[in-house]
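Coordinate-derived values only; no laboratory data. Just so it is clear, the structure is predicted and the values come from calculations on it, not from any experiment. Cβ sites come from the backbone with ideal geometry, for glycine too, and all protein chains shown count toward neighbours.
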Amino acid sequence: MADNTTGTSLQAAAYTAQGTARDSVPLPDAVFDGTVNMPVMHQAVKAYLANQRQGNAATKIRKYVIGGNQKPWKQKGTGRARQGSTRAPHWVGGGTVFGPIPRSYAQYVPRQVRALARKSALNARARENAIVVIDRFDYDAPRTSRLAALVDRLGYGDQKVLILTDGVKPNVFLSGRNLPTVHVMPYGDVSTYHILWSDVVLIESGALGNGLEPMAEEQNAEPRASRRPAAKKAAKKAAPAKAAAKKAPAKKAAKRAARKSTAKKAAKRPTAKRGAKKKRGGK
C-alpha cells in the first residue's frame, strides 16, 4: 500500500568535502514531501533488473542439430523399436524440445511512475536519516584516498555509499571507481534501484538547489613524513653516517693493500734487470 505523508519538513546533516560537520539543512519540499509508495518502487526495481538481462540463452531443436540424416537401422526385422533419426529429442545428443531462444526481457515503466518511485526511494532514505548533504565536490584530479578518507571520517566505511554529484564530474567518479562499496553518479541519472541499493546517500548541495558556500578549513590529511615517529627520523638520519663509518675502514684497508702490492712490484723489478745485465756481461 502507498504511504503518503505530506507537510513534513525533513532535515539532513551537512558536511564539507573533508568531513567537517556543518549546520543541518532543510531538504526541498518538491522532492522530499514524505511520500513513500512501496508498490511503485517494487515495479521500478523489478523493471530495472529485468532490463539488465541480455536474453542470449539459446538451444537447438532437432532440425538444427548436426547429423542424424539416416535411419539408425531398418524399419522391420531387428526386434527393436523403429527409429528415424539419432537426433530425435529422446536420443542422447538430440534436439531440445521447448528450449530457450534469444528474447528480450525489457519492461517499460511510464516516466511518471519512474519519477514517483525515485521520489519514494529518496523519502524512504530521508526518513531513516540516511541522506547527507556535502557542500561541494571540487576535485582537480582523481584522488581515491581523498574520497575514501571522507567516507571513513563520516563513519560509513563499512556501508554501501551512493554519491550523487551536481552534474557530471569525472574526477569524482574516477576517485570512487576503485572503492567496492562506493558508487558515484550524477544526481539526475540516479534510479530507484541505486537509491535502495545504498545504505547512505551523499548528495552535493548544488544538486538539491541550495548550494552551500564552502567553509575555510585546514587540510585533514597530514603529509606522510610528519606522521612518522621521531625515532624513525633519527634512525634514517643516522643510517648514512653509519654506512660511511663502515666504508671508511674498508677504504683504508684497500689503500694499504694497494701500497703493499706496488712496493712488492717495485722490489722485484731491479733484481730482474740486474740478472739480465749479468747475463749480457757473461756473454
Highest first, please rank the peptides 88-96, 195-203, 70-78, 39-47 by the mean number of other Cβ atoms sitting within 10 Å of their residues. 195-203, 39-47, 88-96, 70-78
Amide H proximity to residue 133 below 5 Å, modelled H, separation 5+ or other chain, gives 13, 14, 15, 203
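In which sequence would 204, 213 go, from the one with the fewest C-beta neighbours within 10 Å to the one with the most?
Numbers: 204 24, 213 8.
By the 10 Å Cβ count, ascending: 213, 204.
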Given a Förster radius of 51 Å and the C-beta distance between residue 80 and residue 158 as r, what FRET efficiency does 1/(1 + (r/R0)^6) yield to the nearest 0.05? 0.15
What FRET efficiency do you get for residue 105 and residue 178 if R0 is 30 Å and r is their Cβ-Cβ distance, rounded to the nearest 0.05? 0.45
Starting from the Cα-Cα distance between residue 129 and residue 61, subtract it from 0.36 nm times their residue separation and give me the gain in nm to one decimal. 18.9 nm
What spacing in nm lies between the two simple spin-label points modelled at residue 256 and residue 148, each 7 Å away from Cα in the Cβ direction? 5.4
